[in-house]
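A quick write-up on the structure given underneath.
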Amino acid sequence: MTSPFEPFERPRSYVGSPYAPPPYGEPDPPTEVERLRAERRSRVLPVAAAVVGFYLLNALLANVAGGLMAVRLVGHLNLGLALALLQGATTLLVCRWYARYARTTLDPLAESVRAGLEPRGRLR
Amino acid sequence: MSASQLSAQIAHNGTTLIVFAVFVVCVILIALWGAADSDTPRRFFVSGRELPSARNGIALFGDFISAATLLGTPGLIALAGFDGIPYLVGPVVVWAVILLVIAEPFHNTGSYTVGDALARRLRPRPVHLAMGLATLVISLFYLTAQLVGAGALAAPLLGISGEAAQNYLMVFLGVLMIIYVAISGMHGATLVQLLKAAVLLAASIFLAALVLAKFNWNPSDLLGTAARRSGVGEDFLAPGARAQGTGTEALDRVSLQLGALIGAAGLPHILMRMSVVRSARAARRSVQWTAVLTCVFCATAGILGFGAAAVLGPETIVAGSPSGNTATLLLAHSLGGSWMLTVMACVAFATILAVVAGIALAAATSVAHDLYGAVLKRGRATEEKELMVARWAVVLIGCAAVGLSLLAERLNVSFAAGLAFCVAASAILPALLYGLYWRGFTTTGALWSIYGGLVSSVVLAVLSPAVSGGPTALFPDMDFNLFPLQYPTIVSAPLGFFLGWLGSVLGRDRPDQATYSALELRTLANAEETSA
């Protein structure tokens, strides 16, 4: 039992007390804003970076490895032209993927964040 | 067939002028129709933020595809084969980047201009001033490039060739642009861009179908014939058919492609269109529309380029214009007769008109809203005054661009357009990305990045071989060619990013956590959906 004359001595256990700090190793579950930010940064931005990287890689290859790009695949279609077509196709695929991902994941999160904020009017 | 023969043939036709006149009257009627809907700055600048997403997406496509892509790129492909292909890939891929990284956050900041988006978290006056100046520089370069490019249409449209005819057409185009942007703002620009998008897609798909039909709908046949007629054989379809492969030139091409990709994501008139719709979801749908349309158009442009090489052969194309800028028109004439040529020339004119409208509107918005409203009047300008300044800014910017294009007729069109993209990639994009995504960004960082990117790209371009020190340069008699690359993006864009970071770290001002958190919440939670 702690003496009332030793005000700086802390109680052995906070468990159950309303002032208990979260135990180490178990951080707060992420808020919806944090989840939304994490989704955007860990999924959307890397995909965008990959698209840019693929484009720059093609630009470099065309200038450095011209012989490789001239390899013929079908008829008169060579690797360089096929890669150009592929970039158009990946762009459309990435756009489709993002639209679906945003509709199923980002929009509901954003909606619940907004619902939590609106009464307090913090957005105005 | 040379350009003068071409024009002579059309002068006989006579219907050209009538079709062209009908077209011009339509454009002016559109402007008057849109005038009533442009009575407040919000409606003049961004159509009241309530344009439907599909219409905005199609208009965005009309805003983006310039005469360089319609006339220049097929010409380049017809002459250089594979080396012209990257000019078609960049404009497609950029829409994935805009969709994923920029469209929704920028819409959610609720801005008219890029300066607005940054001013939500940084000190407003300096960033408005810096972004306003960067926007003006980009717009003037791009407008000048488009107007000079329009000169090439003088022969097929007016039936007369020569310098005087080109000047007439440039002045006429500039005046037309001033009239309808000043009268009807974003509303008129949207209508003209919709019209342009429709006629551009219809005409180019029709022409591409004619090309493919000629080769039994077999693309491989088309490529084979193009390669055979090029004189270099199968090398025509691989990199380096015409260009010398020195290290500097390779670096220059990579630099140009980098600029074409990331510069397009920083162009003010493209960004402005993100704000024209009601919600972030609508902005997303707009960009999806644009991505699909651009993809279709660029595939068509590739067919037109190889088609010109296969149907006409390089001698005819070079005789029409050494840079290949008339290849699409010659192809139209060869496949569809003079009627098709007239249609394509009008489409090209509409293309340029729609693009210059978008740029002039973005520049005028920046002058009225950033420079006048935020810097001069410190945000206390009345709506009527801001609108009046915007209308006069359209007139001034239009006159300046026409004057510049008359002076700079020797200007290489793709160089001026490339420079506009370069400034956008170096001065606007770094600050915009940091502003939207980096908590530690400060006003000092923004100013270093914007001014650093702006000054470095312009200075390096002035010192480049495109401006002096060679027979094809803008000033062939002078020589201050100190920088080896024509397109400085590969140096200036990383510099813009680096300076933005350095200024934020070294500057005395600390990042404002509270305003960033508010901005982040706004961009993440699609806040505009509720407050619009």
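Among B:223, B:200, B:271, B:251, which is the only one that is within 12 Å of chain A (Cβ to nearest Cβ) and surrounded by 23 or more Cβ atoms within 10 Å (Cβ to Cβ)? Steps first, please.
Numbers: B:200 fails: within 12 Å of chain A (Cβ to nearest Cβ); B:271 fails: within 12 Å of chain A (Cβ to nearest Cβ); B:251 fails: surrounded by 23 or more Cβ atoms within 10 Å (Cβ to Cβ).
So the residue among B:223, B:200, B:271, B:251 that is within 12 Å of chain A (Cβ to nearest Cβ) and surrounded by 23 or more Cβ atoms within 10 Å (Cβ to Cβ) is B:223.
Residue count for segment B:226-248, restricted to those that are within 8 Å of chain A (Cβ to nearest Cβ) and either part of a helix (DSSP H, G or I) or in contact with a Leu (Cβ under 8 Å, 6 or more places away or on another chain) (or both): 4. Residues in segment B:414-469 that are within 29 Å of residue B:356 (Cβ to Cβ) and in a loop (DSSP other than H, G, I, E, B): B:463, B:464, B:465, B:466, B:467. Would you mind finding the one in B:454, B:463 that is touching a Leu at 6+ places or on another chain (Cβ under 9 Å) and over 15 Å from residue B:140 (Cα atoms)? Unique residue meeting the criteria: B:463. With respect to being at pLDDT below 90, closer than 13 Å to residue B:437 by Cα and either surrounded by fewer than 19 Cβ atoms within 10 Å (Cβ to Cβ) or among the polar types (S, T, N, Q) (or both), residue B:530 falls outside the description. Is segment B:152-165 home to any residue that is within 23 Å of residue B:393 (Cβ to Cβ) and either surrounded by fewer than 23 Cβ atoms within 10 Å (Cβ to Cβ) or more than 21 Å from the chain's Cα centre (by Cα) (or both)? No: segment B:152-165 contains no residue that is within 23 Å of residue B:393 (Cβ to Cβ) and either surrounded by fewer than 23 Cβ atoms within 10 Å (Cβ to Cβ) or more than 21 Å from the chain's Cα centre (by Cα) (or both). Of all the residues in segment B:443-456, those that are crowded, with 24+ Cβ neighbours inside 10 Å and under 24 Å from residue B:524 (Cα atoms) number 2. Scanning segment B:382-415 for residues that are free of Cβ contacts under 8 Å to residues at least 24 places away in the same chain and either among the basic types (Lys, Arg) or closer than 13 Å to residue B:45 by Cβ (or both) gives B:385, B:389.
Listed by position, the helices (runs of 4 or more DSSP H) enclosed by segment B:106-223 that each have at least 2 residues that are out of contact with any Gly (no Cβ under 7 Å at 6 or more places or on another chain), at pLDDT 90 or above and hydrophobic (A, V, I, L, M, F, W, C) are B:114-119, B:124-150, B:163-214. Within the option set A:62, A:82, being within 9 Å of chain B (Cβ to nearest Cβ), more than 30 Å from residue B:523 (Cβ to Cβ) and assigned to a helix (DSSP H, G or I) holds for one residue only, A:62.
Confirm whether residue B:258 is part of a helix (DSSP H, G or I) and surrounded by 24 or more Cβ atoms within 10 Å (Cβ to Cβ).
no
Checking each residue in segment B:183-208 for being more than 20 Å from the chain's Cα centre (by Cα), of a type in the set (Gly, Ala, Ser) and closer than 25 Å to residue B:391 by Cα picks out only B:184.
Let's see how each residue does on (1) out of contact with any Gly (no Cβ under 6 Å at 6 or more places or on another chain); (2) away from every other protein chain (no Cβ under 13 Å); (3) of a type in the set (Lys, Arg):
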{"position": "B:46", "(1), (2), (3)": "yes, yes, no"}
{"position": "B:51", "(1), (2), (3)": "yes, yes, no"}
{"position": "B:59", "(1), (2), (3)": "yes, yes, no"}
{"position": "B:67", "(1), (2), (3)": "no, yes, no"}
{"position": "B:75", "(1), (2), (3)": "no, yes, no"}
{"position": "B:81", "(1), (2), (3)": "yes, no, no"}
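The values are calculated or read from the model by the stated rules, or taken from the named source; none is laboratory data. Please read these numbers as outputs of a predicted model, since none were measured by experiment. Because the Cβ atoms are built from the backbone with ideal geometry, glycine has one as well, and the counts that use them run over all protein chains shown.
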